[in-house]
1. Between rounded, prolate and oblate, where does the range 1-131 land on the alpha carbon gyration tensor, with a ≥ b ≥ c its root eigenvalues, rounded for a/c under 1.5, else prolate if a/b exceeds b/c?
2. Specify the residue with the greatest mean-square fluctuation among 77, 190, 373, computed from a Gaussian network of the chain linking alpha-carbon atoms under 10 Å apart.
3. Calculate the all-directions average of the projected area of the range 209-262's alpha-carbon convex hull, and give it in nm².
4. How far apart, in nm, are the 7 Å Cα→Cβ label points at residue 84 and residue 406?
5. Using a Gaussian network model of the chain with C-alpha springs under 10 Å, which one of 294, 105, 266 is most mobile by mean-square fluctuation?
6. Round to a whole angstrom and tell me the spacing of the C-alpha centers of the range 198-228 and the range 357-402.
7. Exposure proxy check: 314, 210 ranked by fewest other beta carbons within 10 Å?
8. Would you mind ranking 260, 126, 87 by Cβ crowding within 10 Å, fewest neighbours first?
Ligand SMILES: *Cc1c(COP(=O)(O)O)cnc(C)c1O
């Protein structure tokens, strides 16, 4: 399918070819990124992109829904089985919209939400100041403990008692440890708040049983579909039956028009893939790889926030190395290792030039890399950090990275024959 594009739009085809080569020829350590399967890619590029399906199965506003109804019902059933949830809404365009819909389903504008501070690992949509979630709702943030980098439940409980939020949000975008959703549920009950759990990053670990699921404790669970879950870019909401109507109304017509049916279709495919022993093994390997990478980095004298990792993600605190996060991330990118610079808890530096770099292993694990390769990646990172101003060393590391990439090709990727040299 992709090769036909060369005929119709050579300019865009060439750019896709370049991006394909970049994705194959670099090590992706951005913890929110992954590589989808050929099956997900095909569903996502299918004729379902042509169909409007405003509404829900059996209750649509346009005709011609003979097939879309079946697809959406299949996606809903797969989501309910996978996450052991009473109800699933598979229409949110992204994790951000899913979060806004979750709040809108539970509370009124102007009421108080309380989520993890962005600079301590929370997401923008958890009520951070520049996000509309902090303008539609009154927003309070909780930090992590400055010394340990861990969630501090005494502090969270105190803040909840003081501010009496109507919604508490548990979940993170840069937290390397297990999140205890049960305690969050207790705190929410104590203050009469609803609990929204955002598992955008860890959904794949949750369905594999490696991270405890928030489904028994949360009123609504929100997730993306494209991070560890390894589907197309999208969002999803899971909830108890009591909230089902409000959740559906909040997504459509509350926030969205027609669902992106091609994405929804590909989400269904990804959930079937996630419901296999192979996926469980994959998710386990993500964590093993993150632990191997973390341990080797510690050996090289890197400080890691919370001292290591229990999940797919690592946050390096670079203050002892005296290298700004941005500088390391840019040097690593020149060495074909793609990361992102990130604030660390209590970071005194500004967000545009923070002291941290965030790493994750979902994408390299999809390529089949295991602990020895994770350690090799730590070697590369250390070499770049030690030679941060030496371009010839950085270039040499880039060559070694390319060799490693060629040994672990991107599975089922759009290979453009003869032109995809990496
Ligand atoms: C990525 C992420 C989101 C947002 O997802 P988008 O699809 O980018 O809108 C929401 N919450 C958390 C915790 C995330 O990590």
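Every read-out reported here was derived from the displayed coordinates using simple, explicitly stated rules and does not represent laboratory data. Treat the numbers as computed from the prediction; the structure is a model and nothing was measured. Neighbour counts run over all protein chains shown; Cβ positions are idealised from the backbone, glycine included.
1. Oblate.
2. It is 190.
3. That works out to 4.6 nm².
4. Taking the simple label geometry, residue 84 and residue 406 are separated by 4.7 nm.
5. Among 294, 105, 266, the largest GNM mean-square fluctuation belongs to 105.
6. What the calculation gives is 29 Å, centre to centre.
7. Final ranking by Cβ density, sparse to dense: 210, 314.
8. Lowest count first: 87, 260, 126.
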